[in-house]
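Peer 1: One structure, pasted below without further comment.
Values quoted throughout were computed directly from the atomic coordinates according to the rules given, and no laboratory measurement underlies them. Just so it is clear, the structure is predicted and the values come from calculations on it, not from any experiment. Ideal geometry is used to build each Cβ from the backbone, glycine not excepted, and the neighbour counts take in all protein chains shown.
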2 protein chains.
Amino acid sequence: MGQKGTATRARILTATQELVETGGYFSAGLNQVIAASGAPRGSLYFHFPDGKDQLVGESIRRAGQAMGDAFADLAESSASAAEFVEGVLRHLADRLEESGWQKGCPVATVALEMAGASDPLQQACSEVYTSWAAALRARLEGRPDADDLAVTILALIEGALLLAKAHRSREPLDRVTGQLRALLR
Amino acid sequence: MGQKGTATRARILTATQELVETGGYFSAGLNQVIAASGAPRGSLYFHFPDGKDQLVGESIRRAGQAMGDAFADLAESSASAAEFVEGVLRHLADRLEESGWQKGCPVATVALEMAGASDPLQQACSEVYTSWAAALRARLEGRPDADDLAVTILALIEGALLLAKAHRSREPLDRVTGQLRALLR
DNA sequence: GAAAATATGTAGACCGATCTATTTAGGAGT
DNA sequence: ACTCCTAAATAGATCGGTCTACATATTTTC
């Protein structure tokens, strides 16, 4: 693939990612993807011959990877597990607020929309969540209940992010942050 | 409104509720609502003259009320706050599994889809969440951090429900249940 | 209390817009 | 020169929404 091809492919994916994150699968209309990315319709089906599901699937995995990288950075610069999770929550709250309450979890909306409709997309979402749980778990090494705790913290983060977006306020994320220590004691 | 009219209105709402809960706003196509409820298109716009947003809005508030009632029943039959929340989690897990991983939170999908698109629907979702948080809070009376705790538990429930639907497994709900005591200590 | 008049609800054809996807032809990159 | 990629027209399905004709209750009138 030539350089230009790679670039437009990336531009299409980024645009899709952004639209999906804002309003889910159905808000990412192909016309909007085209408009937002500047790529023509033909390129879309050249780079993603299996159509919209492939496009959304790849963009979800890509967003999952990006979020995982952000977690890794935060993990490295945190002294404790509690500090790490607080950093994640703060990061997500900032991102959500700065985007005008648009950018919450890049996977959640599609996960809920497609859980009963598209097996490939359901699996993509499931895998992203599994990878995030593993990343959290790695920061809890040594605890006897690390697995349970990792899933619980992930649920807490996802739930708080959902409530924050629904209320258009970072209050839920802040309240949850305050309760974290009880969980990580 | 005559009896027959009231009945079809209810049938339309129930069908919408079910479709929305399964796959969100866009999965509840008006054609599917018509097919599922048996009501003709004309009746739909007779009973809901403001169109789809009114229909979905009412069905969300209705679902929120129903869930709130279920909470109230569980609250009455529980000896402690921990027992109550565990009961809620078990109830939700059963409901989700029995529906073939379709029926999670009846509000979450629309909340995420419409947070940045439709003000009336965003507000409807926000209000339902507020009412649920208040119901949880009522069961935590006396604790100094009851407000924070109620929101945290609601986030935990919503997050676990999201993960469970995404993975098509009750494992996240079960793991979270195990960690609850640490939070409610 | 029967007939007329009005309100309530049902039924489905139809509209323009928008959706994803396909096709075909030719320009750009290397 | 040859592949890679773009570009736009178009197909066919489905979307939410509107419209008119019809049926069924419910009230009014005499």
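Peer 1: If we count other beta carbons within 10 Å of each Cβ, what is the order of B:PHE71, A:PHE46, A:PHE26, fewest first?
Peer 2: Ranked by crowding around the Cβ, least crowded first: A:PHE46, A:PHE26, B:PHE71.
Peer 1: Taking the Cβ of each residue in B:ASP94, B:ASP174, A:ASP148 as the centre, tally the other Cβ atoms inside 10 Å and list the residues starting with the fewest.
Peer 2: B:ASP94, B:ASP174, A:ASP148
Peer 1: While we're on this one: On the Cα set of the range B:36-118, report Rg and Dmax in Å, please.
Peer 2: Radius of gyration, then largest Cα-Cα span, for the range B:36-118: 16.3, 50 Å.
Peer 1: Efficiency by 1/(1 + (r/R0)^6): what FRET value for B:SER99 and A:ARG181, r their Cβ-Cβ distance, R0 = 25 Å, to the nearest 0.05?
Peer 2: Numbers: r = 36 Å, r/R0 = 1.44.
My answer for the efficiency is 0.10.
Peer 1: For a label point 7 Å from the Cα of B:HIS91 along Cα→C-beta, name the residues of the range B:171-185 whose backbone N is under 20 Å from it.
Peer 2: B:171-181, B:184
Peer 1: Of A:LYS52/A:LYS103; A:LYS52/B:LYS103; A:LYS103/B:LYS165, which sit over 23 Å apart, Cα to Cα?
Peer 2: In this structure, A:LYS52/B:LYS103 lie more than 23 Å apart at Cα.
Peer 1: What does the copy distance list look like for B:ALA35, label position 7 Å along Cα→Cβ, in nm and ordered from shortest?
Peer 2: 2.9
Peer 1: Quick check: the angle from helix B:3-23's long axis to the longest principal axis of chain B, C-alpha only, nearest 10 degrees?
Peer 2: 60
Peer 1: Shifting gears a bit: Please compute, for the alpha-carbon atoms of the protein assembly as shown, the extent along each of the three principal axes and give them in descending order in Å.
Peer 2: 68, 53, 33
Peer 1: In nm, to one decimal, how far is the modelled label at B:ALA70 from the one at A:THR6, with both set 7 Å along Cα→Cβ?
Peer 2: Taking the simple label geometry, B:ALA70 and A:THR6 are separated by 5.0 nm.
Peer 1: Further question: Per-residue ellipticity at 222 nm for chain A, helices alone: DSSP H runs ≥ 4 residues times -39500 (n - 2.57), over residue total, nearest 500 deg cm²/dmol?
Peer 2: -25500 deg cm²/dmol
Peer 1: From the label point of A:GLU97, set 7 Å from Cα along Cα→Cβ, how far away are the matching label points in the other copies, in nm, ordered shortest to longest?
Peer 2: Taking the point 7 Å beyond Cα along Cα→Cβ, the inter-copy spacings are 4.1 nm.
Peer 1: If we count every other residue with Cβ under 10 angstrom of A:SER59's Cβ, Lys/Arg +1 and Asp/Glu -1, where does the sum land?
Peer 2: -1
Peer 1: While we're looking at this one, here's another question. Please compute, for the alpha-carbon atoms of chain B, the extent along each of the three principal axes and give them in descending order in Å.
Peer 2: 55, 34, 32
Peer 1: Please report, for A:GLU141, the nm distances (one decimal) from its label point, 7 Å out from Cα along the beta-carbon direction, to the equivalent points in the remaining copies, shortest first.
Peer 2: When each copy's label point is compared with this one, the spacings are 4.8 nm.
Peer 1: Hey, another quick one. Size of the dipole of the range A:3-184 about the Cα centre, Lys and Arg at +1 and Asp and Glu at -1 on the beta carbon, nothing else charged, in debye to 20?
Peer 2: Computed about the Cα centre, the dipole is about 540 debye.
Peer 1: Ranking A:THR6, B:THR109, B:THR16 by Cβ neighbours within 10 Å, fewest first, what do you get?
Peer 2: Lowest count first: A:THR6, B:THR16, B:THR109.
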